[in-house]
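Read through the structure below, which is laid out as structure tokens, and then see the notes.
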Amino acid sequence: MIFIDLFGNPPSKELIAEGEELTRQLMVLSPDQRNDFIDQHAEYWGKLKEYYVELSHGKCWYTEAKEKASYYHMDHFRPKKCPKKLEKDCEIETATSAEAYWWLAFDWKNYRLAAAIPNTSKGSYFPLKKGTHAIRPGQDVNDEWCGLLDPTDEYDVSLIAFGLDGKVYPACTDNKCWDAFRVGLSVRVFNLNYEALVDARKEIQQICKTKIELIKNTYNEYAQTNSLGYKKILKRYVTELRNMTKPTAEMSAVARNYIRNDPEEFIRNIAS
């Protein structure tokens, strides 16, 4: 998952105004008219897609992978139609809103760019903490005990770690806390441990491992010889490794996580 500063980088005023006008029209409709109205104006979030792709440098906000043989979806983070209760393949008990978040259907702040796998897996799931309630129209979304990690929240993104097996795990040590449960729910709902994603992460980790070994070996040679040739090579290897952590790189969070776990501080500093 990658942090996207969506709220600090909103789309154009014209597109925001269009969404607000559609919301005003939606709010006065009767419940039996809402879904048809939303479906009839689905082109609205399609207009936003190109900008959302640019914000993530062409990467899915949930997986940080790039779609090569498919296309991106605009996920309604809070479902525009009735949420499904999360039960299958999930050991964590949760609550579910009895009603859709229909009033957010055209709210630009409720869209997340998703690749096919996480979007299809998520569908209309939106688990909440057990014993809590969903927000209602006009209430702040931050008042809700959301069970899913949100890529537009820098704190949420920090809760994810990656094992050497390529899978996603909680970064917190207390695996019984709510944030650890949220990581588990996000893995389940977004299918973050899908086999192809796991394999891609392991490949990134292997590349990092190879580059780190080259850096350490070259550093030892440079330390013994003070050769400008070795220093030049060393700087190139460091640059190559650092480039893997840039926002433009695919699965940069995986690379940063791997580098930061190295025992050598000067290697860890490359990911800072």
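Among the residues of region 230-240, is any within 29 Å of PRO151 (Cβ to Cβ) and surrounded by fewer than 17 Cβ atoms within 10 Å (Cβ to Cβ)?
Within region 230-240, the first condition is being within 29 Å of PRO151 (Cβ to Cβ), and the residues that meet it are 238-240.
Then drop every residue that is not surrounded by fewer than 17 Cβ atoms within 10 Å (Cβ to Cβ), which leaves 239-240.
Looking through region 230-240, at least one residue is within 29 Å of PRO151 (Cβ to Cβ) and surrounded by fewer than 17 Cβ atoms within 10 Å (Cβ to Cβ).
For region 1-75, which helices (runs of 4 or more DSSP H) that fit wholly inside it have 1 or more residues that are within 21 Å of ASN191 (Cβ to Cβ), modelled with pLDDT of 95 or more and over 18 Å from the mean Cα position of the chain (by Cα)? Before you say what the answer is, go through the steps one by one.
Values: elements: 13-27, 31-40, 43-55.
Fully inside region 1-75 and qualifying: nothing.
The rows are residues; the columns are (1) over 21 Å from the mean Cα position of the chain (by Cα); (2) closer than 26 Å to PRO83 by Cα; (3) polar (S, T, N, Q).
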| site | (1), (2), (3) |
| --- | --- |
| LYS167 | no, no, no |
| CYS172 | no, no, no |
| LYS176 | yes, yes, no |
| VAL183 | no, yes, no |
| VAL187 | no, yes, no |
| ASN193 | no, yes, yes |
| ALA200 | no, no, no |
| LYS209 | yes, no, no |
| GLU213 | yes, no, no |
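Any chance region 102-119 includes a residue that's among the acidic types (Asp, Glu), within 21 Å of SER56 (Cβ to Cβ) and in the same structural domain as SER70 (by TED's automatic domain parsing)? Yes: region 102-119 contains one or more residues that are among the acidic types (Asp, Glu), within 21 Å of SER56 (Cβ to Cβ) and in the same structural domain as SER70 (by TED's automatic domain parsing).
The values are calculated or read from the model by the stated rules, or taken from the named source; none is laboratory data. Because the structure is predicted, anything quoted here is derived from the model rather than measured. We place every Cβ from the backbone using ideal geometry, glycine too, and count neighbours over all the protein chains shown.
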